[in-house]
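J.: First the structure, which I've put down as C-alpha cells, then a few questions once you've had a look.
We did not get these values from a lab; they are worked out from the coordinates using the rules stated. Remember, it's a predicted structure, so these values are computed and weren't measured experimentally. Here the Cβ is made from the backbone with ideal geometry for all residues, glycine too, and neighbour counts use every protein chain on show.
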C-alpha cells in the first residue's frame, strides 16, 4: 500500500514568488495534517482537515498561506508571496482520526 | 507553539548501550506518542501510550508515562548504529491534534 505522497521534494524560489505543495494521503484516511518543520525543531501544526473541512487552521498564517482539500482526498498548501523566513520543510500527514499519524517525506522549501 | 520538550537535546552513545530520552509536557493529554525521524525524511511512528497506561513495550523500546509529573521517557535497549535519528514525543490533547516536542538527536557510534 502506498504511503503519504508529497511533491515536490525540493523547491527553491526567490522571495515574493508563489509556491505550492501537494499531498496525497493514504487511501481511506479522512484526517489530513500540514506541519511546518524548521531546522532542528519539531513539527508545528499549520492546519488539520477532517475530510474536506478545515477543523483547525488557527496556526496558519492566513495573510500569505492558504490550503485546500476540495474532494476530501488530496490537498494543496500554497504560500503567496513567499518570504525568507518561510524556508523550512513542509510535512503532510494523514490518519484514521485518533492515534498514529503517517507522514510523507516532506517538501523542503528554500527561499532566496 | 510546541507542547513538549525533550531532554537531552542531543545524545551520543556506543553501539550496544541503552539510550534514554525524556519528554515533559504542559497540559492534560489523551495519549503520548513517540516518533523517529531520519535525516531528511518524514517522521515514523514508534509507539503510543494512553493516559491511563504507565508503561508500554515494543521490541527494544520501552516507554513510561507519569501523568502526575507530566513526563514520559523512551528507552532504547541494545542500541544499533541504525537507531541514529531524531526522536520526538507528541501529545494528543483531545482535539485530535498532535503537538510535537523539540526532539532529541541520538547518535549511536559503531
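J.: Name the residue, out of B:38, B:30, B:96, whose mean-square fluctuation peaks in a Gaussian network model built on chain B with Cα pairs under 10 Å.
T.: Most flexible of the set in this elastic network: B:96.
J.: When chain A is modelled as a GNM with alpha-carbon springs shorter than 10 Å, which of A:70, A:46, A:36 fluctuates the most?
T.: A:70
J.: Calculate, for residue A:80 and residue B:61, the FRET efficiency according to 1/(1 + (r/R0)^6) with r their C-beta to C-beta distance and R0 41 Å; round to the nearest 0.05.
T.: Computed FRET efficiency for residue A:80 and residue B:61: 0.45.
J.: Residues in segment A:89-112 near a label at residue A:16, defined as backbone nitrogen under 14 Å from the 7 Å Cα→Cβ point?
T.: A:112
J.: To the nearest 0.05, how large is the calculated FRET efficiency for residue B:52 and residue A:44 if R₀ is 41 Å and r is the Cβ-Cβ distance?
T.: Efficiency at R0 = 41 Å is approximately 0.90.
J.: Above 21 Å lies some portion of the pair distances; for chain B, what is it as a whole percent of all C-alpha pairs?
T.: When all Cα pairs of chain B are counted, 29 percent exceed 21 Å.
J.: Take residue B:78, project a point 7 Å from its Cα along the Cβ direction, then tell me which residues of segment B:18-61 have their backbone nitrogen under 13 Å from it.
T.: B:18, B:59-61
J.: Within chain A, what percent of beta bridges assigned by DSSP are antiparallel, to the nearest 5?
T.: If I count the DSSP bridges inside chain A, around 90 percent turn out antiparallel.
J.: Another one. Quick check of the Kirkwood formula: for the protein assembly as shown, what is the inverse mean of 1/r over all pairs of different Cα atoms, in Å?
T.: Result for the protein assembly as shown, one decimal place: 17.9 Å.
J.: Quantify how strongly other chains surround peptide A:103-111 by giving the mean number of their Cβ atoms within 10 Å of each of its Cβ atoms.
T.: Working: counts 7, 3, 4, 5, 0, 1, 0, 0, 0.
If you average over the peptide's residues, the count of other-chain Cβ atoms is 2.
J.: Quick one: give the max-minus-min coordinate of the C-alpha atoms of segment B:13-61 along each principal axis, largest first, in Å.
T.: So the three principal-axis extents are 34, 25, 20 Å.
J.: Would you calculate the volume per residue, in Å³, of the smallest convex hull containing every Cα atom of segment A:1-99?
T.: 105
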